[in-house]
Number of protein chains: 2
Amino acid sequence: MGDKTKVRIAVVAPSCTLSREAAARVEEMVRARGECELVIHPQCFLSSGHFAGADAARLAALREVMADESVDAVWFARGGYGSNRIVGAAVADLPAAARSKTYLGYSDAGFLLAAFHRAGLSVAHGPMPQDVLRDGGEAAIERALDWLLQRSDSALEGSLDGPALAFNLTVLSNFLGTDFEPDFAGRELIVEDVGEQLYRTDRSMFHVTSQANVRKVRRLRLGRVSEVIANTPDFDSDEERIVADWCARSGIAYGGRADIGHDAANKVVPFG
Amino acid sequence: MGDKTKVRIAVVAPSCTLSREAAARVEEMVRARGECELVIHPQCFLSSGHFAGADAARLAALREVMADESVDAVWFARGGYGSNRIVGAAVADLPAAARSKTYLGYSDAGFLLAAFHRAGLSVAHGPMPQDVLRDGGEAAIERALDWLLQRSDSALEGSLDGPALAFNLTVLSNFLGTDFEPDFAGRELIVEDVGEQLYRTDRSMFHVTSQANVRKVRRLRLGRVSEVIANTPDFDSDEERIVADWCARSGIAYGGRADIGHDAANKVVPFG
């Protein structure tokens, strides 16, 4: 089944459940473009407590599409929490077919991006299907498709000038020191964060910039820090001062702002 | 000034500001015991945004009491956030006098406990002056003093049976991979947590138990996990299942519950 001449994109949900509405809207957008086949795995709609199905179900769906030679790209449905619970098994004994496709996502999917990149797979940080529900979210979906189908330069973060890695700061902090931590040497590191108090952003920056591996980055840039939770007492700083300060303390070149974040404007950062 | 025959305890605040009420109540309790001299450093009452004074002021007070030969014990005033911002400088070029005293605290002070233990100083996880404001908090203060002044067995966590380390789980997660991470090999690791959603506790346990160093612990025990923030959707687990599960996944022996936490019952765990 499916048109073999068309690019085939599989959607799986390694973290939380994809909304039916988001799925329908993205399917309609893909139909309108007429360029590719989108296969939303039924696992995306499972629900088990916090997760899009139990660990075993999420892992099985992910491994299934990774091993499927007819799949050109694996698009993570959304973030939330939970991909770290299956990342070890997801990256073990990789089938050859897993190496001939691209993986796209961000936020909690950063655990997979990190591990897959370290394993030599082709990975990018960028919009996910659930983002269609954001204000102006169609633009994020078109951008993701522009990149997945055409590798359009216009989809890319605008100031990339060498190999780069991009992560949610809190997710990055939570895989440091594990088997899934990639090599940062000589790369640009871009971070964004969402839904944290500024003292937590400060603490995560302490953690990240205190790593010998991270101190080898070429430079660090800051995406958007959104939905900041109020701090009592007021933290008396802002996200850019926090990030620039920890860069200065740790001898990392701070490269300014980057055009990524938990929003519809989130640009694509292919890992290199 | 001060009676040289009495034990001298200095209080400094490397994180957040100590309340005047807590200070007065602890001073009154110390006077009533008549066994020791308590010197609450004026830095404890400074306030600079989130912190008990700017980094330089907190560091100067800490280094001052560490270098003071007349001080037998340094008691961290309270947690909150911020000791990580000065831990590197606090532990650099240690004066000899820093090695002849004991350091007591928990929560955010865990950054200092970890780094000081790694540097060979005598460190314990236990109640702090601000805890007097908790329900039944006097018991926590008496327990801390029992341990600081008499090394009373009754102050200790009841199931210790070998070298142990104790940390707030989130603080532990945030110093992994830094120069302040202690050697866990052969030790018991006790963790407690406060004010997190269960998905964060789960994520922190992933992070902690994925470290090669942590996997060398003799066993891991779980203190109290309090003030849990509701999760949407419900996380469908509890703290002990979460911790036992990550121990099982990572080959760490789970040793059951431990009598520490962000509460008045918090027992003392001397690091070894």
Helices (runs of 4 or more DSSP H) wholly in the range B:1-101 with at least 2 residues that are within 14 Å of chain A (Cβ to nearest Cβ) - which ones?
-> B:55-66, B:87-90
Residues in the range A:246-267: is at least one open to solvent by 20 Å² or more (accessible area, probe 1.4 Å), under 20 Å from B:Phe175 (Cα atoms), of a type in the set (Lys, Arg) and outside any loop (DSSP other than H, G, I, E, B)?
-> yes
Which of (1) touching a strand residue (DSSP E or B) at 6+ places or on another chain (Cβ under 6 Å); (2) surrounded by fewer than 21 Cβ atoms within 10 Å (Cβ to Cβ) does A:Arg221 not meet, given it meets every other one?
-> (2)
Given (1) touching a Ser or Thr at 6+ places or on another chain (Cβ under 8 Å); (2) closer than 26 Å to B:Gly162 by Cα; (3) within 14 Å of another protein chain (Cβ to nearest Cβ), B:Glu181 misses just (1)
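One line per residue, one yes/no per condition, for (1) in contact (Cβ under 8 Å) with a residue 24 or more places away in the chain; (2) in contact with a Leu (Cβ under 9 Å, 6 or more places away or on another chain):
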position	(1), (2)
B:Trp147	yes, yes
B:Gln150	no, no
B:Leu156	yes, no
B:Gly162	yes, no
B:Leu176	yes, yes
B:Ala185	yes, no
B:Gly195	yes, no
Given the residues A:Ala166, A:Ala185, A:Ala139, which is the only one that is open to solvent by less than 40 Å² (accessible area, probe 1.4 Å), at pLDDT 95 or above and not charged (D, E, K, R)?
-> A:Ala166
Going through the range A:233-243 in order, the residues found to be of a type outside the set (D, E, K, R) and either more than 9 Å from chain B (Cβ to nearest Cβ) or in contact with a Pro (Cβ under 7 Å, 6 or more places away or on another chain) (or both) are A:Ile242, A:Val243
Kindly list the number of the only condition in (1) within 12 Å of another protein chain (Cβ to nearest Cβ); (2) of a type in the set (D, E, K, R); (3) open to solvent by 30 Å² or more (accessible area, probe 1.4 Å) that fails for B:Arg151.
-> (1)
Considering only the range A:198-214, state which residues are within 9 Å of chain B (Cβ to nearest Cβ) and within 18 Å of B:Phe51 (Cα to Cα).
-> A:Leu198, A:Tyr199, A:Arg200, A:Asp202, A:Arg203, A:Ser204, A:Phe206
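The values are calculated or read from the model by the stated rules, or taken from the named source; none is laboratory data. Quick caveat, the model's predicted, so the values are computed rather than measured. Here Cβ is always computed from backbone atoms with ideal geometry, including for glycine, and neighbour counts include all displayed protein chains. The accessibility values were calculated without ligands, DNA or RNA, using every heavy atom of the protein model including side chains. Shrake-Rupley method; radii C 1.70, N 1.55, O 1.52, S 1.80 Å.
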